[in-house]
1. Kindly establish whether LEU146 is more than 21 Å from SER27 (Cβ to Cβ), in contact (Cβ under 8 Å) with a residue 40 or more places away in the chain and not in a strand (DSSP E or B).
2. Considering only residues that are touching a His at 6+ places or on another chain (Cβ under 9 Å) and farther than 18 Å from TYR136 by Cα, which ones fall in segment 19-52?
3. For the structure I just gave you, tell me whether THR4 is free of Cβ contacts under 8 Å to residues at least 60 places away in the same chain, among the polar types (S, T, N, Q) and in a helix (DSSP H, G or I).
4. Could you please find all residues in segment 92-104 being within 22 Å of ILE161 (Cα to Cα) and surrounded by 14 or more Cβ atoms within 10 Å (Cβ to Cβ)?
5. Scan segment 119-135 and tell me whether some residue there is free of Cβ contacts under 8 Å to residues at least 24 places away in the same chain, more than 11 Å from ALA61 (Cβ to Cβ) and either polar (S, T, N, Q) or not in a loop (DSSP other than H, G, I, E, B) (or both).
Amino acid sequence: MVKTFASGIRYVAGEESFFCPNLYVISGSGGSLLIDVTNQSSHLEEALSIAERGGHPFSVALTHFHADHISAVASLPKGVRLYCSKNTARHLPKGLPNPITIVSSGAEAILPLGEAAAKLMAAPSLHSKGSMDILYEKTLFVGDALGSREKNGVAYYNREIAVEMEKFYRGLEFREAVQAHPRTRALKKDELMVYLHELVKYGFSEALEEKYL
């Protein structure tokens, strides 16, 4: 189901029963950007119908390499450019007919879309190696970067990475951080900074994630 998030931003609602994230499309007068490609071809088809409107070129940003965000990548039209981290690129199918731009750690890519540009940035994350965030005006799309991942049955935690996350997000100007999955919610910047401060201080806990994510 296609929904409107804000002016120039629409999305296809995901389904948690399939671990399927929301697919966001940023559209301007000069082009569009699709964020992630999901694991459900029907959702991708709906998102492509938005991205292809107006006849402008569109690109795809992959926030990270997990299957629920990249599995349908082979269903993209030939020639559509992909933006992702080096680590995410390693997990893509070989021989894709799509050019790939790598956004390196500590770097960013600027993608003009008309009235405004999208900024694609390598971002530190405890959830996955090679995470990438997308900033459009005052909205920051973070994929799953704020959440945990399991390692040996427990939530993986590295305080150094948590400190990097706190520093990274403090230095960005944004109004709200939009997470990928339907079960999560957008966080205002001050909420996000409180969450990250507690993450640095105490590590992951179910209570912390339930409160903020």
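1. On the way: more than 21 Å from SER27 (Cβ to Cβ): yes; in contact (Cβ under 8 Å) with a residue 40 or more places away in the chain: yes; not in a strand (DSSP E or B): yes.
Yes.
2. PHE19, CYS20, PRO21, VAL37, THR38, ASN39
3. Judged against the criteria, THR4 is not a match.
4. Of segment 92-104, the ones within 22 Å of ILE161 (Cα to Cα) are 102-104.
Selection gives ILE102, VAL103.
5. No: segment 119-135 contains no residue that is free of Cβ contacts under 8 Å to residues at least 24 places away in the same chain, more than 11 Å from ALA61 (Cβ to Cβ) and either polar (S, T, N, Q) or not in a loop (DSSP other than H, G, I, E, B) (or both).
Every number in this text was worked out from the coordinates using simple rules, so none of it is lab data. Keep in mind it's a predicted model, so treat the numbers as computed, not measured. Cβ: placed from backbone, ideal geometry, glycine included. Neighbour counts: every protein chain shown.
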